[in-house]
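The values are calculated or read from the model by the stated rules, or taken from the named source; none is laboratory data. All values reported here derive from a predicted model rather than from experimental measurement. Virtual Cβ from ideal backbone geometry, glycine too; neighbours counted across all protein chains shown.
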Amino acid sequence: MRTKQLMPLTVFAFAYFLGACSGVKFSQHYDCEQDGSCIVTGGVAQYSAQEVTVGGGKVDILIVDDNSASMSYEQERMAARFGQFIKNLDNKYMDYRIAFTTTDISSSQNAARSINQNGALQDGNLIALSNGKKYLSSTDGDLAQKTQIFNDVIKRPETLACENFIRNWISSNKSINNSTYSTEYYNNCPSGDERGIYAANLVLQNNPDSFLRDDADFQVIFLSDEDERSQLYSSQSAYALTEMDLGKNFAQNIRAKFPSKNFGVHSIIVADSYCLPLQSQQLLNVVSGSYGYEYDNARKEAQSIINLERSSKGLSSVNMVLGDICSNDYSGQLQNIFDEVSGPIVDNIALKCANPQNLNVTVATNDSSVSYEVVGNVIQFNKKLPVGTKVSVSTYTCDE
């Protein structure tokens, strides 16, 4: 095994002055002096040395969590395996955000009320996490803390409350075919008209809480045991699909809003004839499952868009995940999704100013061909450094 060498790469950038300027010139370094990031002496700012670990890029992950009745079992299984998913992201040094929304869309028949937190759990709003934030990020504590935050949000209390209401109602030998049941269901349950694609479109459209970053990849995971609008669109005009409900449109909308962003859509759904009857039996046959056609359409269209673009660049195709919601163990499916999650690798490091003086950059690498140059206020490397590579940036100074 070759011993890793520290390869010093030093550049000296010389400042120059542009000819006689009149009027008052305010120092750009006042702010850095106030926040403690530099020391200013005689109009020259000195910035402290830093060590940077090359990360695996940025990725924003949206999980659309069906919070209707019959989903608590699936939410539990997702929670049981997601810790490894987070661990894998951390090991890859990913700068990630993971946000959650529900399949609940408001309407005149589905108003804001207590069970949906007065609208907070509707219309593509991001679910508040136990730490008060609206998305889980790579900096939110250690693995155990982040896993706990995920578990707390994926397992929906309104889902369990609804299921308990239905079980208690049935065990009391009450009829579910009358207006009393309908009224109590409305008060105790979130919407049974699941519209996860509509909700995802609203997240894309509104970018709540500035979740989506322009420079990050975007990955979407749908978790549902029913199709968009419970597939009632096939038999009841009141449940006709709108443009916002169509899976194909969702994938196209992502590309329209972010023309150059890498993205993926993955669906953990009812996908075959074996799974369908199992889902229908979960809640005393009161709530039935359905094939997730529209969720799979979103996956297929996203895969088609990305692979067509990759083919034009001579790159190999990717496979977006069609998962099985009836699986007893989601670990394999989550691993497959993880394999497709890769943010753009950054091959540069930002500096506090252009033309820094006395700058020394050291890269911990065995690759003697690695070099860099300072371009404006950026250290630009000649190649992408492997994830996990440590780069030491010395103290440097900047004139006004």
Test: residue 378 is among the β-branched types (Val, Ile, Thr), in contact (Cβ under 8 Å) with a residue 60 or more places away in the chain and within 29 Å of residue 44 (Cβ to Cβ)
no
Filtered residue count, the range 377-400, keeping only those that are closer than 23 Å to residue 216 by Cβ, in a loop (DSSP other than H, G, I, E, B) and modelled with pLDDT of 90 or more:
1
Looking at this structure, is residue 324 under 30 Å from residue 289 (Cα atoms) and either free of Cβ contacts under 8 Å to residues at least 24 places away in the same chain or among the charged types (D, E, K, R) (or both)?
yes
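Matching residues to (1) small (Gly, Ala, Ser); (2) farther than 30 Å from residue 98 by Cα; (3) within 28 Å of the chain's Cα centre (by Cα):
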{"position": "349", "(1), (2), (3)": "no, no, yes"}
{"position": "362", "(1), (2), (3)": "no, yes, no"}
{"position": "366", "(1), (2), (3)": "no, yes, no"}
{"position": "383", "(1), (2), (3)": "no, no, yes"}
{"position": "388", "(1), (2), (3)": "yes, no, yes"}
{"position": "394", "(1), (2), (3)": "yes, yes, no"}
Within the range 30-51, of all residues that are without any contact (Cβ under 8 Å) to a residue 60 or more places away in the chain and part of a helix (DSSP H, G or I), the one farthest from residue 399 (Cα to Cα) is 34
Which residue, of 318, 287, is modelled with pLDDT under 95, assigned to a loop (DSSP other than H, G, I, E, B), farther than 27 Å from residue 60 by Cα and of a type outside the set (Asp, Glu)?
287
Would you check if there is a residue in the range 168-181 being closer than 30 Å to residue 90 by Cβ and either in the same structural domain as residue 241 (by TED's automatic domain parsing) or assigned to a helix (DSSP H, G or I) (or both)?
no
Tally of residues being of a type in the set (Asp, Glu) and buried (at least 21 other Cβ atoms within 10 Å of the Cβ) across the range 193-217:
2
Scan the range 137-151 for residues that are free of Cβ contacts under 8 Å to residues at least 12 places away in the same chain, exposed (fewer than 15 other Cβ atoms within 10 Å of the Cβ) and touching a Lys or Arg at 6+ places or on another chain (Cβ under 7 Å) and jot them down.
none
Residue in the range 156-164 that is acidic (Asp, Glu), closer than 26 Å to residue 293 by Cα and either surrounded by fewer than 20 Cβ atoms within 10 Å (Cβ to Cβ) or in the same structural domain as residue 291 (by TED's automatic domain parsing) (or both) present:
yes
Just one of (1) assigned to a loop (DSSP other than H, G, I, E, B); (2) in the same structural domain as residue 220 (by TED's automatic domain parsing) trips up residue 355, so point out which.
(2)
Scan the range 254-264 and tell me whether some residue there is under 18 Å from residue 74 (Cβ atoms), touching a residue at least 60 places away in the same chain (Cβ under 8 Å), of a type outside the set (Gly, Ala, Ser) and in contact with a strand residue (DSSP E or B) (Cβ under 8 Å, 6 or more places away or on another chain).
no
If I filter the range 167-178 for residues that are in contact with a helix residue (DSSP H, G or I) (Cβ under 9 Å, 6 or more places away or on another chain) and either buried (at least 19 other Cβ atoms within 10 Å of the Cβ) or within 18 Å of residue 224 (Cα to Cα) (or both), do I get at least one hit?
yes
Checked the range 264-276 for anything of a type outside the set (Ser, Thr, Tyr), farther than 14 Å from residue 226 by Cβ and surrounded by fewer than 20 Cβ atoms within 10 Å (Cβ to Cβ); matches are 272
Quick one: which of 105, 115, 98, 61 is among the aliphatic types (A, V, I, L, M), modelled with pLDDT of 95 or more, buried (at least 18 other Cβ atoms within 10 Å of the Cβ) and over 27 Å from residue 214 (Cα atoms)?
115
Against the conditions (1) in a helix (DSSP H, G or I); (2) among the hydrophobic types (A, V, I, L, M, F, W, C); (3) more than 30 Å from residue 52 (Cα to Cα); (4) touching a helix residue (DSSP H, G or I) at 6+ places or on another chain (Cβ under 6 Å), where does residue 308 fall short? Just the number, please.
(4)
Can you tell me how many residues within the range 118-136 are surrounded by 14 or more Cβ atoms within 10 Å (Cβ to Cβ), under 23 Å from residue 90 (Cα atoms) and among the small types (Gly, Ala, Ser)?
1
Are any residues in the range 76-135 part of a loop (DSSP other than H, G, I, E, B) and closer than 14 Å to residue 146 by Cβ, and if so, which ones?
94, 129, 130, 131, 133, 135
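Is at least one residue of the range 18-28 out of contact with any Gly (no Cβ under 8 Å at 6 or more places or on another chain), at pLDDT 50 or above and surrounded by 12 or more Cβ atoms within 10 Å (Cβ to Cβ)?
Looking through the range 18-28, at least one residue is out of contact with any Gly (no Cβ under 8 Å at 6 or more places or on another chain), at pLDDT 50 or above and surrounded by 12 or more Cβ atoms within 10 Å (Cβ to Cβ).
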Residue among 304, 317, 312, 290 that is more than 24 Å from the chain's Cα centre (by Cα) and surrounded by fewer than 17 Cβ atoms within 10 Å (Cβ to Cβ)
312
